[in-house]
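A.B. asks: So that we are looking at the same thing, I have put the structure below in structure tokens.
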Amino acid sequence: MSEAYIVAAARTAGGRKGGRLSGWHPADLAAEVLNALVDRSGADPALIEDVIMGCVGQAGEQGNNIARGAVLASKLPESVPATSVDRQCGSSQQAVHFAAATVMSGAMDIVIAAGVESMSRVPMGTPVVLPAKAGLGTPMSPNQQERYPGVKFSQFTGAEMIAKKYGFTRDMLDDFGFNSQAKAIKATRSGAFKDEIVPVAITLADGTKDTHLIDEGIRFEASREAMAGVKLISEDGVITAATSSQICDGAAGVLIVSERGLKALGVAPLARIHHMTVTGGDPVIMLEEPLFGTEKALKRCGMSIDEIDLYEVNEAFAPVPMAWLRHTKADPAKLNVNGGAIALGHPLGGSGAKLMTTLLYALKARNGRYGLQTMCEGGGLTNVTIIERL
């Protein structure tokens, strides 16, 4: 079986809800990333055989196969096909898995895995809320209700369940959230994100033209004292908006090729896809599966957590990476070294490719070899990807 290599990776800087990227149609925003991958790799656009794009809110401006819309909005030729993937928050990480598996099988040689989400223009939950309001029902079927009587699947509930299960206090979560902000501030000021970010032209409210280059969610004025004053999401809980991922607009992508693809493009690989795992678990606590998926992935590829140089574990809510650290006994100094979604934002379907891009560049900056990425996903799912920097 052929190997799968990453030859280019790029992401936009995140935009706040209603913020600097909110004027961009998501197909056009994703097209900026597709164009950047072509430019960075020097690839002939006509050689790209497929675009696989993650997106959670596949409705409205993100409906009708957003991946194909992004291709038609880019400089890729019409001959490049595209398909959209929904594995909830792991959608574009799954796009990476699908692209890698495709080139490893020999079915194709040059595939883009990407993701996009404009949470300003297509609010979270739109594909469920709008049909329900129109009287078209909900995804919860009678058989599911029978299997999970009285259960209302909720990521907020799941996050609080994890915090309670592992004994995490409000102060512990606030410490984690503050550290995420501090790491993101340091990374931004040091230029750590400079090479991975695609410049995006924007027009400000006053008509001024600008370029979006810095993740808008970072609280440069963040203080531990201010974080302690943020209101709890649930009165009887421990999680606040400051210890949850931020609503975010953004897009990201990676160009994945086989050995033949390397030769066709005449490029050197940045990294190799070393391992891929996807697992399912309890859909009620929902967000705990990265712990067990990571355990399974490491066992399957014969590695220990200590052999991994850096980890990207999505900060959907602070209890998730905190529980992951405790369960895996991983080194906290290797986790989300440039901050995570609490500071940088979580553009749902775009986050998998976003984290992969950041992981790749962070490994390069630290001369690391192996990186592991995982995230919690709606329905009690998780993807785990291990890459080897070359």
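Read-outs: derived from the displayed coordinates by stated rules, not from any lab. Everything quoted here is computed from the prediction, not taken from an experiment. Glycine gets a Cβ as well: all are built from the backbone with ideal geometry, and neighbour counts include every protein chain shown.
A.B. asks: Among (1) under 30 Å from G379 (Cβ atoms); (2) without any contact (Cβ under 8 Å) to a residue 60 or more places away in the chain; (3) surrounded by fewer than 18 Cβ atoms within 10 Å (Cβ to Cβ); (4) of a type in the set (A, V, I, L, M, F, W, C), there is one condition L72 misses while meeting the rest; what is its number?
C.D. replies: L72 satisfies all of (1) under 30 Å from G379 (Cβ atoms); (2) without any contact (Cβ under 8 Å) to a residue 60 or more places away in the chain; (3) surrounded by fewer than 18 Cβ atoms within 10 Å (Cβ to Cβ); (4) of a type in the set (A, V, I, L, M, F, W, C) except (1).
A.B. asks: In region 283-325, what residues are among the charged types (D, E, K, R), part of a loop (DSSP other than H, G, I, E, B) and touching a Ser or Thr at 6+ places or on another chain (Cβ under 8 Å)? Write out each step before concluding.
C.D. replies: The first filter runs over region 283-325 and keeps only residues among the charged types (D, E, K, R), leaving 288-289, 295-296, 299-300, 306-307, 309, 312, 315.
Imposing the further condition that a residue be part of a loop (DSSP other than H, G, I, E, B) reduces the set to 288, 309, 315.
Within region 283-325, E315 is the sole residue that qualifies.
A.B. asks: Please report, ordered by residue number, the strands (runs of 3 or more DSSP E) entirely within region 188-278 with at least 1 residues that are of a type in the set (D, E) and either surrounded by 12 or more Cβ atoms within 10 Å (Cβ to Cβ) or at negative phi (or both). Steps first, answer last, please.
C.D. replies: Numbers: elements: 200-203, 209-212, 248-257.
Here the list reads 209-212, 248-257.
A.B. asks: Here is a follow-up. Look through region 177-187, keep the residues that are surrounded by 22 or more Cβ atoms within 10 Å (Cβ to Cβ) and within 19 Å of the chain's Cα centre (by Cα), and return whichever of them is nearest to T243 (Cα to Cα).
C.D. replies: Taking region 177-187 first, the residues surrounded by 22 or more Cβ atoms within 10 Å (Cβ to Cβ) are 177-178, 180-181, 184, 187.
Filter once more, so that each one left must be within 19 Å of the chain's Cα centre (by Cα): 177, 180-181, 184, 187.
Working: G177: 5, S180: 9, Q181: 10, A184: 14, A187: 19 Å.
So the residue we want is G177.
A.B. asks: Could you identify the single residue in A353, A362, A343 that is under 26 Å from K165 (Cα atoms), among the aliphatic types (A, V, I, L, M), surrounded by 23 or more Cβ atoms within 10 Å (Cβ to Cβ) and touching a residue at least 40 places away in the same chain (Cβ under 8 Å)?
C.D. replies: Working: A353 fails: under 26 Å from K165 (Cα atoms); A362 fails: under 26 Å from K165 (Cα atoms).
Just one listed residue meets the conditions, A343.
A.B. asks: Right, G57: touching a residue at least 12 places away in the same chain (Cβ under 8 Å), surrounded by 23 or more Cβ atoms within 10 Å (Cβ to Cβ), part of a loop (DSSP other than H, G, I, E, B) and small (G, A, S) or not?
C.D. replies: Values: touching a residue at least 12 places away in the same chain (Cβ under 8 Å): yes; surrounded by 23 or more Cβ atoms within 10 Å (Cβ to Cβ): yes; part of a loop (DSSP other than H, G, I, E, B): yes; small (G, A, S): yes.
Taking the combined requirement at face value, the residue satisfies it.
A.B. asks: OK, next. Looking only at region 75-82, decide whether some residue is out of contact with any Ser or Thr (no Cβ under 9 Å at 6 or more places or on another chain) and part of a strand (DSSP E or B).
C.D. replies: Taking region 75-82 first, the residues out of contact with any Ser or Thr (no Cβ under 9 Å at 6 or more places or on another chain) are 75-79, 81-82.
Of the ones still in play, those that are also part of a strand (DSSP E or B) are 82.
Yes - at least one qualifying residue is present in region 75-82.
A.B. asks: M161 versus (1) in contact with a Cys (Cβ under 8 Å, 6 or more places away or on another chain); (2) surrounded by fewer than 22 Cβ atoms within 10 Å (Cβ to Cβ): which is the lone unmet condition?
C.D. replies: (1)
A.B. asks: If you don't mind, there's one more thing I want to ask. How many of the residues in region 153-187 are closer than 24 Å to G15 by Cα, in contact with a Leu (Cβ under 9 Å, 6 or more places away or on another chain) and of a type outside the set (A, V, I, L, M, F, W, C)?
C.D. replies: 2
A.B. asks: Can you tell me which of P290, P321, P332 is touching a Phe, Trp or Tyr at 6+ places or on another chain (Cβ under 9 Å), farther than 23 Å from M53 by Cβ and of a type outside the set (S, T, N, Q)? Reasoning before the result, please.
C.D. replies: On the way: P290 fails: farther than 23 Å from M53 by Cβ; P332 fails: touching a Phe, Trp or Tyr at 6+ places or on another chain (Cβ under 9 Å).
So the residue among P290, P321, P332 that is touching a Phe, Trp or Tyr at 6+ places or on another chain (Cβ under 9 Å), farther than 23 Å from M53 by Cβ and of a type outside the set (S, T, N, Q) is P321.
A.B. asks: So is A159 closer than 21 Å to C376 by Cβ and touching a strand residue (DSSP E or B) at 6+ places or on another chain (Cβ under 6 Å) or not?
C.D. replies: On the way: closer than 21 Å to C376 by Cβ: yes; touching a strand residue (DSSP E or B) at 6+ places or on another chain (Cβ under 6 Å): yes.
Answer is yes for this residue.
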